[in-house]
């Protein structure tokens, strides 16, 4: 019997991410399953198991319908597939808004059942009390302000924030509120560049941009968007691959081979 042991897991920690404010840009991507997470793990500082999985993986129109159990299931898969990156799991709509107590119960469930390193929740000033309640009880929280997808019904869709300069003070106030409440970082989504710059300079925690310019302390994208797996990527996405086209070409070739009986060939059968 082999006596070899696997090297210990040495993950990026919450304090290490927090300490990157104003330093080397923080790299992040979403992932929802073990095999893609294992690839992303080699290059990302943290991996977000985002509730965007409802739309990307399960064909939902918004993230609102994602249940807690689904987040936990995908969170487990990503943690199992990784060894280095900090794993952050989204708290889905309805799992934290009711009260700080409900939020703590569900956040603790996510941490215990997935073994992830932190949770993320949406909302600025209105969620400051909940963020403080969680962090004081040992739950690391990443905040999320600007365009908050779980509020898309209220916002009237996925709309860029900060077009009207009069709204800037409210967004900056949101950022300061979550930072003061104890969030270790804040995702800033879908805001105009000058506002992203002001938010980043207004808080002592890292800002993670998605559609918020290079002025942020780090960046995150949905993996499937940057790989070209969706029909149309949002404006703020740079597409680094065209896997959708490659997958379709491969499936088409396979279907052709099956129909003309050239697959399986001599190399794919047992004699």
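The values are calculated or read from the model by the stated rules, or taken from the named source; none is laboratory data. Predicted model only: the values in this text are computed from it and were never measured. When we count neighbours, we look across all protein chains shown, and the Cβ atoms used for this are built from the backbone with ideal geometry, even at glycine.
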Query raised in the report: Given the structure, is residue 225 within 27 Å of residue 16 (Cβ to Cβ) and either free of Cβ contacts under 8 Å to residues at least 24 places away in the same chain or in a helix (DSSP H, G or I) (or both)?
Result: yes
Report summary line: The number of residues in the range 127-138 that are crowded, with 21+ Cβ neighbours inside 10 Å and either under 24 Å from residue 85 (Cβ atoms) or in contact with a strand residue (DSSP E or B) (Cβ under 6 Å, 6 or more places away or on another chain) (or both) is 2
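Every residue, every condition in (1) at pLDDT 95 or above; (2) surrounded by 19 or more Cβ atoms within 10 Å (Cβ to Cβ), yes or no:
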{"position": "84", "(1), (2)": "yes, no"}
{"position": "99", "(1), (2)": "yes, no"}
{"position": "125", "(1), (2)": "yes, no"}
{"position": "147", "(1), (2)": "no, yes"}
{"position": "173", "(1), (2)": "yes, no"}
{"position": "177", "(1), (2)": "yes, yes"}
Requested in this report: Please give the number of the condition residue 163 fails out of (1) at pLDDT 95 or above; (2) assigned to a loop (DSSP other than H, G, I, E, B).
Outcome: (1)
Query raised in the report: Would you call residue 228 touching a strand residue (DSSP E or B) at 6+ places or on another chain (Cβ under 9 Å) and in the same structural domain as residue 175 (by TED's automatic domain parsing)?
Result: no
Query raised in the report: Out of the residues in the range 17-41 that are more than 22 Å from residue 57 (Cβ to Cβ) and part of a loop (DSSP other than H, G, I, E, B), which is nearest to the chain's Cα centre (by Cα)?
Result: 25
**Report entry** Sole residue being farther than 20 Å from residue 51 by Cα and in contact with a helix residue (DSSP H, G or I) (Cβ under 9 Å, 6 or more places away or on another chain), chosen from 206, 169, 234
**Finding:** 206
Query raised in the report: If you check residue 139 against the conditions, is it assigned to a strand (DSSP E or B) and closer than 18 Å to residue 184 by Cα?
Result: no
Query - Qualifying positions in the range 235-267 - farther than 30 Å from residue 19 by Cβ and in a loop (DSSP other than H, G, I, E, B) - result: 235, 239, 241, 242, 260, 261, 262, 263, 264, 265
Query raised in the report: Within the range 185-209, which residues are assigned to a loop (DSSP other than H, G, I, E, B) and surrounded by fewer than 22 Cβ atoms within 10 Å (Cβ to Cβ)?
Result: 192, 204
Query raised in the report: In the range 6-21, which residue that is farther than 18 Å from residue 143 by Cα and exposed (fewer than 12 other Cβ atoms within 10 Å of the Cβ) is modelled with the lowest pLDDT?
Result: 6
Query raised in the report: Can you pull out the residues in the range 53-84 that are over 24 Å from residue 105 (Cβ atoms) and part of a loop (DSSP other than H, G, I, E, B)?
Result: 57, 58, 59, 60, 61, 62, 81, 82, 83, 84
